[in-house]
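Notes follow the structure.
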Amino acid sequence: MQEIKIYKTDAPKAKPTGALGFGKIFTDHMFIMEYTAGQGWHDPRIVPYAPIELDPSAMVFHYAQEIFEGLKAYRTKDGSIQLFRPYENANRMNRSADRLCIPEIDPDFWVKAVSTLVEVDKDWVPYEEGTSLYIRPFVIATDPMLGVHPSKTYKFIIILSPVGSYYAGGLSPVRIYIETKFVRAVRGGTGEAKAGGNYAASIKSQEVSESLGFSQVLWLDGVEQKYIEEVGAMNVFFKIDGKVVTPALVGSILPGITRKSTIELLKDWGYEVEERRLSAAEVEEAAKAGKLEEMFGTGTAAVISPVGLLRIGDVDITINNGEIGPLSQKLYDTLTGIQWGRVEDTKNWVYKI
Ligand SMILES: *Cc1c(COP(=O)(O)O)cnc(C)c1O
């Protein structure tokens, strides 16, 4: 495996005091390496965090050939630092890479790059309850060229951001509505790749939802606009009449690692979990029949995000009296317990730095 050169800053920044928020503060260092066709990935190094210089014609600016990942480093009670299922992120990034014609990165090297950078900036992993160090690996196409074709050069960069607790005031249910005008992704498109372009297409809906007092939108399938897909940066689950239902990964849905972990836990606990097509009409009917017991989103940022109110058309459905359901709470406690080292990791999900 290639050696990662480390060039430490001689001007470390002051650590933040007060609320961290999300993704606004960056640490002292970043990881960077380049790809050149014929040579492969080369020159891996950790350098002081700083702006990068790119040619204005760099392909990423014009055709959005870009992929990213998101994971966290957690501070445990004894002061040690750990990651949650980082190989899942490494492998997913390679699947995204394949979809966008970006060269793959050896998963072992990927995890080594992440853990070496976290080790260098370990003092930036916050200690307060619910806080963590968000890790953002990404690859950009850098060929200075306006022709539409895969770039021959790339940069793989990892940056780190200490982030606050998603639920500063405790786990609280969100309000979402079903988006009926715009769609996020279509089958055969890039919806199952973690690509920045997917987000560019979603910002308009996000803006409208916030202006209406909702936190996010729930996307429907791009073909019939009937079937539920996912929410913003979260996969979505419904507890209907004792069973748990989540949309099947049909190609336009991002395969979340929190989603996968949630399904594994639910099955361990004896729940019947159905991964299948689920229409908005079915959810509405279940709610009317009093069978929609819980609804929640899953994702690295919030882990489990209970939904207290779902708007379908002009019908507002209140779920579990707008309160956190017992299953959502149990999943949240278990997943965050494993991530912060408070609950025994019987599934080998934790990766120690
Ligand atoms: C990253 C992401 C998710 C959640 O994935 P996790 O691995 O659980 O964090 C869900 N949907 C979209 C669109 C995403 O980009």
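Observations on the structure shown:
- Averaging Cα coordinates gives a centre for segment 3-79 and one for segment 284-352; these two points are 32 Å apart.
- Distance histogram in 5 Å bins (all Cα pairs of segment 283-326, percent per bin): 5, 23, 29, 23, 13, 6, 1
- Each Lys and Arg Cβ is given +1 and each Asp and Glu Cβ -1; about its Cα centre, the chain then shows a dipole of about 200 debye.
- The magnitude of the dipole of segment 174-339, with charges of +1 and -1 set on the Cβ of Lys/Arg and Asp/Glu and taken from the Cα centre, is near 300 debye.
- Separation in nanometres of the label points that stand 7 Å from Cα toward Cβ, at residue 42 and residue 9: 2.9
- Label zone at residue 225 (point 7 Å along Cα-to-Cβ), backbone N below 16 Å, segment 166-203: 177-187, 202
- Helix-only mean residue ellipticity at 222 nm for the chain, each DSSP H run of n ≥ 4 adding -39500 (n - 2.57), per residue, nearest 500: -7000 deg cm²/dmol
- Lys/Arg +1, Asp/Glu -1 at C-beta; the chain dipole; positive extreme among 1, 231, 248: 1
- The lysines whose alpha-carbon is closer than 17 Å to the alpha-carbon of residue 15, local same-chain residues fewer than 8 away aside, are 24, 122.
- Order by protection proxy (mean Cβ within 10 Å, highest first), peptides 302-310, 344-352, 235-243, 280-288: 302-310, 235-243, 280-288, 344-352
- Across segment 174-339, the mean sequence separation of Cα contacts (distance under 8 Å, 6 or more residues apart), normalised by length, yields a relative contact order of 23 percent.
- The modelled label-to-label distance for the pair residue 210/residue 241, using points 7 Å beyond Cα in the direction of Cβ, is 4.0 nm.
- Convex hull volume of the C-alpha atoms in segment 310-353, normalised per residue: 111 Å³.
- GNM remark for the chain: springs join alpha carbons under 10 Å apart, and the peak mean-square fluctuation among 140, 324, 52 falls on 52.
- Check: segment 75-173 dipole with +1 on Lys, Arg Cβ and -1 on Asp, Glu Cβ, in debye: 240
- For segment 5-165, the convex hull spanned by the alpha carbon atoms encloses 121 Å³ per residue.
- Net lengthening on full extension, residue 180/residue 76 (0.36 nm per residue, minus Cα-Cα): 33.2 nm
- In the chain, Rg over Rh equals 0.97, where Rg is the alpha-carbon radius of gyration and Rh the Kirkwood radius from pairwise Cα distances.
- Compactness index (Cα Rg / 2.2 N^0.38 Å), segment 214-307: 1.01
- Rounded to 10°, Cα long-axis angle of helix 107-120 versus longest principal axis of the chain: 80
- Potential lengthening of the chain between residue 250 and residue 345 amounts to 31.2 nm, from the contour at 0.36 nm per residue minus the alpha-carbon distance.
- GNM remark for the chain: springs join alpha carbons under 10 Å apart, and the peak mean-square fluctuation among 184, 92, 277 falls on 277.
- Using a Förster distance of 56 Å, the FRET efficiency for residue 50-residue 321 (Cβ separation, nearest 0.05): 0.65
- Between helix 257-268 and the chain there is an angle of about 50 degrees, using the helix long axis and the longest principal axis of the Cα atoms.
- Stokes-Einstein diffusion of segment 169-225 at 37 °C, 0.692 mPa s viscosity, Kirkwood radius from Cα pairs, rounded to a whole number: 265 µm²/s.
- Ratio Rg/Rh [Cα only; Rh per Kirkwood] for segment 61-156: 1.07
- Of the residues 315, 328, 188, the one whose Cα sits farthest toward the positive end of the charge dipole of segment 174-339, with +1 on the Cβ of Lys and Arg and -1 on the Cβ of Asp and Glu, is 188.
- Highest average packing first - 107-115, 8-16, Cβ atoms within 10 Å: 107-115, 8-16
- C-alpha center-to-center spacing [segment 205-272, segment 122-141] in angstrom: 25
Just so you know, all these numbers are worked out from the coordinates, no wet-lab data involved. Keep in mind it's a predicted model, so treat the numbers as computed, not measured. Note that we place each Cβ from the backbone using ideal geometry, even for glycine, and neighbour counts take in every protein chain shown.
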